[in-house]
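The values are calculated or read from the model by the stated rules, or taken from the named source; none is laboratory data. Since the model is a prediction, treat every value here as computed from it, not as a measurement. Cβ placement follows ideal geometry from the backbone for every residue including glycine, while neighbour counts extend to all protein chains displayed.
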Amino acid sequence: MTDHDRLFKELLSTFFIEFLELFLPEIAEQIDPTSIRFLQQEYFADLTSGEEKIVDLLVEVQQLGATAAFLIHLEAQSFSEANFARRMFFYFSILHQRYLQRIYPIVIFSFDKPDRQENNRYMVKFGDRTILDFNFEAIQLNRLNWRDYLSQQNPVAAALMAKMRIEINDRPKVKAECLRLLATLRLDPARTRLISGFIDTYLRLNTQEEQVFQSEVGKLETTEQEQIMQITTTWMEQGIEQGIEQGERSLVLRQLTRRVGELPEGVRSQVELFSLYEIEALGEALLDFTNLSDLEQWLIQQT
């Protein structure tokens, strides 16, 4: 299964200011880029569902020309969910109580279906009186046209075009255009791999589409063709490395479950984000665990 949460968190945390510049330029213009600080993950007990929820990204930023900072709460939602707007209000109210700062909530809806406009408002009314009118910024990718972002010199555009509204016959062309844009950005190798891996994950082509893709690449300038081929030849190597990492992670999670019992969702999510080095360290440490408290204490020591 595709780990949508991890992919979007990596993209949005690595290119946070670029994300704002692409979709919310008026907010990006108000922020001191040197002030961006990602806060630790927030865990909430959702009393309506009985589940533990995790805020995706919580970022503290300084407003230009002002002494007070404010928070940006960013959620990446990979499926349509009833009462999601209500849950966003719950997040907002708890975060506001904890931090007593202004909060700007943003949601990026990344699912393919349904394509109806998602609700971004939660209201409480009594007759003609509005008691509460909460709303958040909503970016719904499947209602955006990828062609509108072709000229954007922005790494987030190169990645997210792969999740926008695409006709089935345009898939190979969109993949070629995503990679063309990525090649023109001349990012460092690590950031290039992040974007190219994102594109390849969401635009996996069949044999026939692959032939069309190669034809589309052949229409580009020679330099761009060479850069794209350099990017695509690393995918097989990355796939092998990611397969090893995923295998290690699955093994450690199974061993942890046998050792300390069923893992809380928050703990499992934290381990899912571990690097290969951290997974290997946990694999050694778990031999000394006797209960869940041992694991939780070890995780605290790693932060």
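Observations on the model:
- Residue that is farthest from the chain's Cα centre (by Cα) [pool: residues in region 267-303 that are within 19 Å of Lys9 (Cβ to Cβ) and among the aliphatic types (A, V, I, L, M)]: Leu299
- For region 116-148, the set of residues classified as closer than 23 Å to Ser80 by Cβ and touching a Leu at 6+ places or on another chain (Cβ under 9 Å) consists of Tyr122, Met123, Val124, Glu137, Ile139, Leu141, Leu144, Trp146, listed by residue number.
- Subset of region 265-303 [outside any helix (DSSP H, G or I) and either under 24 Å from Asp5 (Cβ atoms) or touching a strand residue (DSSP E or B) at 6+ places or on another chain (Cβ under 9 Å) (or both)]: Leu273, Phe274, Ser275, Thr303
- Filtered residue count, region 13-30, keeping only those that are of a type in the set (A, V, I, L, M, F, W, C) and either modelled with pLDDT under 95 or touching a Pro at 6+ places or on another chain (Cβ under 8 Å) (or both): 2
- Top-ranked residue of region 74-101 - restricted to ones that are part of a helix (DSSP H, G or I) and among the polar types (S, T, N, Q), ranked as nearest to the chain's Cα centre (by Cα): Ser93
- Evaluation of Phe19 against (1) farther than 21 Å from Gly266 by Cβ; (2) aromatic (Phe, Trp, Tyr); (3) loosely packed, with under 13 Cβ neighbours inside 10 Å (one fails), failing number: (3)
- Failed item in (1) among the acidic types (Asp, Glu); (2) closer than 23 Å to Glu18 by Cα; (3) in contact (Cβ under 8 Å) with a residue 24 or more places away in the chain, with Glu210 passing the rest: (2)
- Within region 251-264, considering residues that are assigned to a helix (DSSP H, G or I) and surrounded by 12 or more Cβ atoms within 10 Å (Cβ to Cβ), the one modelled with the lowest pLDDT: Leu251
- Residue count for region 102-128, restricted to those that are part of a loop (DSSP other than H, G, I, E, B) and either more than 25 Å from Val61 (Cβ to Cβ) or without any contact (Cβ under 8 Å) to a residue 12 or more places away in the chain (or both): 11
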